[in-house]
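Below is one structure, written out as structure tokens; comments come after it.
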Amino acid sequence: MNERSGDESGAHGLVSAAERLGIRVHILRTGEDLRSLAREAPAGPIGMAGGDGSLAPVAEACLERELPFVCVPFGTRNHFARDVGLDRDDPIGALAAFTEGVERRIDVGRANERLFLNNVSLGVYARLVHRREHHRRRRDALARLRALAILARHPHAVGISVDGDPVEARVVLVANNSYSLEVLSLGERERLDEGCLHLYAPTGVLRSAWEERKSDRFVVDAHPGRLGAAVDGEPDELETPIEFRVEPAALRVLVPPARD
């Protein structure tokens, strides 16, 4: 559990509720590696209470150990929790997956070898995420304004190619399954078991529409050799060329039973 993701009172309530159900709770400490903790945890369902960026390392350990994964929404946006059918505002309710969970098989994506559950962004949005994290560490109150200023300083395309074809866009996003498309934003995913990746890039003079490609594999290349990325909303740098691929129905996910 990343108790810093939610408010303090909510963290205490979630821990108490988990312990009443007999769920062992580990509070993540600074410097601890999520993937290693999950690899060393006792056999059985392993869950993560945190935001989107903290889910994939635990899910990857569950995948390696062939154990079921539980998502407990305890972050800011909780996009994966929403798309898998959870109530994003009810982390305590999500704990029922441990005791009476219904198993689903869902796809996972890979960017080179890094696993992702939602999507990987390249370009301007990735720069915003990197700048946000930099200023968050410095406790800069103007971090959001400074990040938005990047948009004005980078008016040109990312300068990448997809499967050898140049892509003229400032943002490129590779998603695990299909998102509903809105003007300059992505909505929800109706399913997580399509077995496909979807690549999106805004098009047109005003960037008010999306170009979409669908495949089980994409190769993204760029000249620098490394490309700034936001993987499930977390900053990273990926070596190019980046091979994106999908692993269909690879992850066992437990969700609470449907209620009337």
Go over the candidates 166, 155 one by one and state the one that is at pLDDT 90 or above and farther than 27 Å from residue 107 by Cα. 166
Output the residues belonging to the range 59-87 that are assigned to a helix (DSSP H, G or I) and among the charged types (D, E, K, R). 60, 64, 65, 82, 83
If we ask which residues in the range 1-34 are surrounded by 17 or more Cβ atoms within 10 Å (Cβ to Cβ) and either of a type in the set (Val, Ile, Thr) or within 23 Å of the chain's Cα centre (by Cα) (or both), their number turns out to be 10
Candidates 35, 29, 39 - the one that is assigned to a loop (DSSP other than H, G, I, E, B) and either touching a strand residue (DSSP E or B) at 6+ places or on another chain (Cβ under 7 Å) or charged (D, E, K, R) (or both): 29
Looking only at the range 220-234, and only at residues there that are under 21 Å from residue 179 (Cβ atoms) and either assigned by TED's automatic domain parsing to the domain that holds residue 57 or touching an Asp or Glu at 6+ places or on another chain (Cβ under 6 Å) (or both), the one that is surrounded by the most Cβ atoms within 10 Å (Cβ to Cβ): 229
Identify, from the list 10, 31, 51, 6, the residue that is touching a Gly at 6+ places or on another chain (Cβ under 7 Å) and at pLDDT below 95. 51
How many of the residues making up the range 180-198 are touching an Asp or Glu at 6+ places or on another chain (Cβ under 7 Å), crowded, with 18+ Cβ neighbours inside 10 Å and either at pLDDT below 95 or part of a strand (DSSP E or B) (or both)? 3
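Residue-by-condition table, conditions (1) free of Cβ contacts under 8 Å to residues at least 60 places away in the same chain; (2) touching a Phe, Trp or Tyr at 6+ places or on another chain (Cβ under 6 Å):
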| position | (1), (2) |
| --- | --- |
| 191 | yes, no |
| 195 | no, no |
| 200 | yes, yes |
| 214 | yes, no |
| 221 | no, no |
| 233 | no, no |
| 239 | no, no |
Taking the range 12-49, which residues are under 21 Å from residue 87 (Cα atoms) and either polar (S, T, N, Q) or not assigned by TED's automatic domain parsing to the domain that holds residue 87 (or both)? 16
Can you say whether residue 95 is over 12 Å from the mean Cα position of the chain (by Cα), at negative phi and hydrophobic (A, V, I, L, M, F, W, C), as far as the supplied structure shows? yes
Residue 174 fails exactly one of (1) at pLDDT below 95; (2) surrounded by 12 or more Cβ atoms within 10 Å (Cβ to Cβ); (3) not polar (S, T, N, Q), namely (1)
In the range 216-245, the residues that are at positive phi and of a type in the set (Gly, Ala, Ser): 225, 233
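The values are calculated or read from the model by the stated rules, or taken from the named source; none is laboratory data. Because the structure is predicted, anything quoted here is derived from the model rather than measured. Cβ atoms come from the backbone with ideal geometry, glycine included; neighbour counts cover every protein chain shown.
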